[in-house]
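**Q** Quick one: this structure, given as structure tokens, is what I'll be asking you about.
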Amino acid sequence: MFSIFLRSLVFNVLFYAVLAFCAIIALPTFLMPPRALLTIAGWWASATLFLMRVVCNIKVEFRGAETIPTGPLVVVSKHQSFWEAFVLMSFFDRPIFILKRQLMHIPVFGQFLIKTGMISIDRGAGVKALLDMTRRARKAVRGGCQLVIFPEGTRRAPGAPPDYKTGFAQIYSTCGVQCLPIALNSGLFWPRRTFMRYPGTLVVEFLDPLPPGLPKDEFIARVRDVIEDATGRLVEAGRREQERLIGSAPSYAGSGG
């Protein structure tokens, strides 16, 4: 485990160094279209994948990318780690994420989020916040964007009971486009509330798109079922691999919420 600790420490130093470098070279993009800033964010994501493989022995596998529809889209993803919040954008032409408002207040980083049109939500504002978020989401999707939503609202530890909110169904219904579900097991390798990074194969699986116009209850049930079934399979396989690599799979019980 000391080797994993040391590798994790080195990785985090390099990760934040690369982030700082990308933030500096991205400053001129404030005077350019958002696409320029998204390009640099893609470089950051690519550099992170390289560091994960070389420093931490974390391989990343993307499955089913050929199922991603073109054009406007609602993307509904499992959320276990900070990792997917910046890597997934590389798969879409015009990605827009729904995220918590506090992120907008981070110096420089928050300004980047605003520049790229990310949609923030104040979780304590109730119905008013949901209505405003839905209005902005509809406008973005109808403008040709791919809207990425984490339907549980926050990161959940691998194996934690699912906690799907209902707001994402309202957005899907209002936007009137296909929905792309995504399953993953990132929390096994990049867990929350620790700098530790564990070896193995991180898998992201793009599932079959759901058609527009499904009734709300049916849509929620189908999204939950397909994502949870696939995520459970990926987490189980990842745990088995970790047991082979490090003797036992780490506990992530404290990583949810």
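**Q** Using only the C-alpha atoms of the range 1-122, find the volume of their convex hull and express it per residue in Å³. Can you show the working numbers first?
**A** Details: hull volume 15.9 nm³, N = 122.
Cα convex hull per residue, to the nearest whole number: 131 Å³.
**Q** Here's a follow-up. Can you work out ³J(HN,Hα) from phi for every residue in the range 220-236, in order, using Karplus 6.51 cos²θ - 1.76 cosθ + 1.60 and θ = phi - 60°, giving whole Hz and x for Gly and Pro?
**A** Result, rounded to whole Hz: 4, 5, 5, 4, 4, 5, 5, 5, 5, 4, 5, 5, x, 5, 5, 5, 4.
**Q** Determine the sum of side-chain charges near Leu51: Lys and Arg each +1, Asp and Glu each -1, restricted to other residues whose C-beta is under 14 angstrom from that of Leu51. Intermediate results must be reported in sequence, preceding the final value.
**A** Numbers: positive: Arg7, Arg53, Lys59, Arg197; negative: none.
After counting each charged neighbour, the total is +4.
**Q** What is the calculated FRET efficiency for Arg193 to Met32, with r their C-beta to C-beta distance and R₀ = 41 Å, to the nearest 0.05?
**A** Values: r = 36 Å, r/R0 = 0.87.
With R0 = 41 Å, the Cβ-Cβ based efficiency is 0.70.
**Q** May I ask you to derive the relative contact order of the chain, considering only C-alpha pairs under 8 Å and at least 6 residues apart, and to give it as an integer percent?
**A** On the way: 425 pairs, mean separation 65.5, N = 257.
Averaging sequence separation for qualifying contacts and normalising by length gives 26 percent for the chain.
**Q** Setting aside same-chain residues fewer than 8 positions from Lys139, which lysines have a Cα under 21 Å from its Cα?
**A** Lys100, Lys115, Lys128, Lys216
**Q** Computed FRET efficiency, Cβ-Cβ of Arg142 and Leu6, R0 45 Å: what is it to the nearest 0.05?
**A** The pair Arg142/Leu6 has a calculated efficiency of 0.35.
**Q** Assuming R0 = 35 Å, can you tell me the calculated FRET efficiency for the pair Lys216 and Glu236, based on Cβ-Cβ distance, to the nearest 0.05?
**A** Numbers: r = 30 Å, r/R0 = 0.87.
Given R0 = 35 Å and the Cβ-Cβ separation, E is 0.70.
**Q** Count the DSSP beta bridges whose two residues both fall in the chain, then state the antiparallel fraction as a percent rounded to the nearest 5. Don't skip to the answer; put the middle values down first.
**A** Working: 4 of 24 bridges.
Within the chain, antiparallel bridges account for around 15 percent of the total.
**Q** So, in nm, how far is label Tyr16 from label Arg53 when the simple model puts each one 7 Å beyond its Cα toward the Cβ?
**A** Output for this residue pair reads 2.6 nm.
**Q** Hey, another quick one. Using the Cα centre of the chain as the reference point, and only Cβ charges (+1 on K/R, -1 on D/E), how large is the resulting charge dipole? Debye, rounded to the nearest 20.
**A** For this selection, approximately 660 debye.
Quick note: the coordinates plus some simple rules give every number you see, no bench work behind them. On a predicted model such as this, the values are computed, not experimentally measured, just so you know. Ideal geometry is used to build each Cβ from the backbone, glycine not excepted, and the neighbour counts take in all protein chains shown.
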